[in-house]
Amino acid sequence: MIRYDNLKPAVTRVALGRDRFEHPRFVALRSHYGFDSFYCLPGKDGAHEKGGVEGEIGRFRRRHLTPVPKVGSLAELNELIAAGDARDDARRIGARAETVGAAAARELPLLRPLPDEDFDVAAVLSCRVDAKARVCVRQSYYSVPARHVGRRLEVRLGATSIRVLDPAAHGKVLAEHTRSLHKGTEDLVLDHYLEVLVRKPGALAGSTALASAKASGVFTSCHQRFWTAARTALGDGAGTRALIGVLLLHRTMTPSAVAAGMAAAIADGVFDADLVAVHARSATCGRAATPPITLPATAAPSAADHRPAPSLAGYDQLLTTTNQRPLEEAIA
């Protein structure tokens, strides 16, 4: 049994006494891991029921989080808290002879084992793809491949990420995005719009997806040099289509291989996606190739070999015999 202070993610409504209306996802979490919940009385009536918990939180904060630590990410903060928790294993509560870590190790064999599978905390939603190949989740927009415009897809909303799945393809993942913390934002992936941009190359330069790709570093300076040189040599439309063909190569090749292929194509002055693919494969094979095998030199023909040169005279005579005889019989 775990004691809670009527936290909102778990309790949707407080009833009389200790009765609570719990969130369905929290009920699923309890059922998955096999524990029960105990809720403190709200207000001053339940202040004595949670004092130990709040006092322990204050002790941990004063010991490990004072002064306030400066970290670069949530993962770094979690590592800092985990390190403080590990140091607390050597602590003794009051006058007890047993440390906290020793008490936990003694209780560990008595605990129920964890399930084989982790609990999926993501909320399952059904969203329709709009005309701009986006799904709207919590008033934020996320792109999906343009071929799914107008369809209804399954969206799994997690705490930090969003996954878009195709229910008709047995839950195949179509797109993954980092969950936005602000309303009205757009998270657009340039790869999702390439098939549309092939037909409308003029829309690439001013697209939001291209700006996002540049900001994230997916669209590099090497792509820009190839695009500029291709437009100079082929014109805006054909040059942009050549770039889009190169961007499609990223679906099957590594970024370093495609970059090597673009550099070779720029050096050759030939701007074609197929040529970039050839150079990219050559660069990949060149890095992984084994040293060439040296074959022994072929021995010179012996001077004592007096055999005649091969001749097809017998074969020609056979063709003449087999082809003319049926014709003579037909004439007779």
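Of everything in the stretch 140-152, what is in a loop (DSSP other than H, G, I, E, B) and closer than 27 Å to PHE119 by Cβ? Give them in sequence order. Of everything in the stretch 140-152, just one residue is in a loop (DSSP other than H, G, I, E, B) and closer than 27 Å to PHE119 by Cβ, namely VAL144. Candidates VAL155, VAL124, VAL135: the one that is modelled with pLDDT of 95 or more, within 16 Å of ARG25 (Cβ to Cβ), in a strand (DSSP E or B) and not basic (Lys, Arg) is VAL155. Among the residues of the stretch 46-57, is there at least one that is surrounded by 12 or more Cβ atoms within 10 Å (Cβ to Cβ), in contact with a Gly (Cβ under 9 Å, 6 or more places away or on another chain) and closer than 23 Å to ALA102 by Cα? No. If you check ARG325, ARG251, ARG287 for being of a type outside the set (S, T, N, Q) and modelled with pLDDT of 90 or more, only one passes: ARG251. Among the residues of the stretch 20-41, are any surrounded by 11 or more Cβ atoms within 10 Å (Cβ to Cβ) and over 30 Å from ASP120 (Cβ atoms)? Yes: one or more hits. Inclusion of ARG199 among residues that are more than 19 Å from ARG147 (Cβ to Cβ) and surrounded by fewer than 19 Cβ atoms within 10 Å (Cβ to Cβ) is not warranted.
Of all the criteria given as (1) of a type in the set (Ser, Thr, Tyr); (2) surrounded by 14 or more Cβ atoms within 10 Å (Cβ to Cβ); (3) without any contact (Cβ under 8 Å) to a residue 40 or more places away in the chain, the one not satisfied by TYR193 is (3).
The sole residue among LEU210, LEU248 that is in contact (Cβ under 8 Å) with a residue 12 or more places away in the chain, part of a helix (DSSP H, G or I) and within 24 Å of SER282 (Cα to Cα) is LEU248. Within the stretch 89-121, the residues that satisfy the criterion of being surrounded by fewer than 10 Cβ atoms within 10 Å (Cβ to Cβ) and either at positive phi or in contact (Cβ under 8 Å) with a residue 24 or more places away in the chain (or both) are GLY94, ARG112.
From the list LYS214, LYS183, the lone residue that is in the same structural domain as ALA159 (by TED's automatic domain parsing) and surrounded by fewer than 17 Cβ atoms within 10 Å (Cβ to Cβ) is LYS183.
When the residues of the stretch 8-17 are filtered to those that are touching a helix residue (DSSP H, G or I) at 6+ places or on another chain (Cβ under 9 Å) and not β-branched (Val, Ile, Thr), the one that is surrounded by the most Cβ atoms within 10 Å (Cβ to Cβ) is ALA10.
Note on the stretch 265-287: among residues that are outside any helix (DSSP H, G or I) and in contact (Cβ under 8 Å) with a residue 12 or more places away in the chain, the one that is surrounded by the fewest Cβ atoms within 10 Å (Cβ to Cβ) is GLY269.
Among residues of the stretch 70-88 that are over 15 Å from GLU56 (Cβ atoms), those with a beta-carbon under 6 Å from a residue that is not aliphatic (A, V, I, L, M) at least six positions away or on a different chain give the pairs LEU80/PRO69.
Among residues that are part of a helix (DSSP H, G or I), hydrophobic (A, V, I, L, M, F, W, C) and at pLDDT 90 or above, MET262 is included. Does HIS177 fit the bill of being assigned by TED's automatic domain parsing to the domain that holds CYS136 and over 21 Å from the mean Cα position of the chain (by Cα)? Here the answer is no, as HIS177 does not meet what is asked.
The values are calculated or read from the model by the stated rules, or taken from the named source; none is laboratory data. Predicted, not measured: the structure shown is a model, and the values here were computed from it. Please note: Cβ atoms are built from the backbone with ideal geometry, for glycine as well, and neighbour counts cover all protein chains shown.
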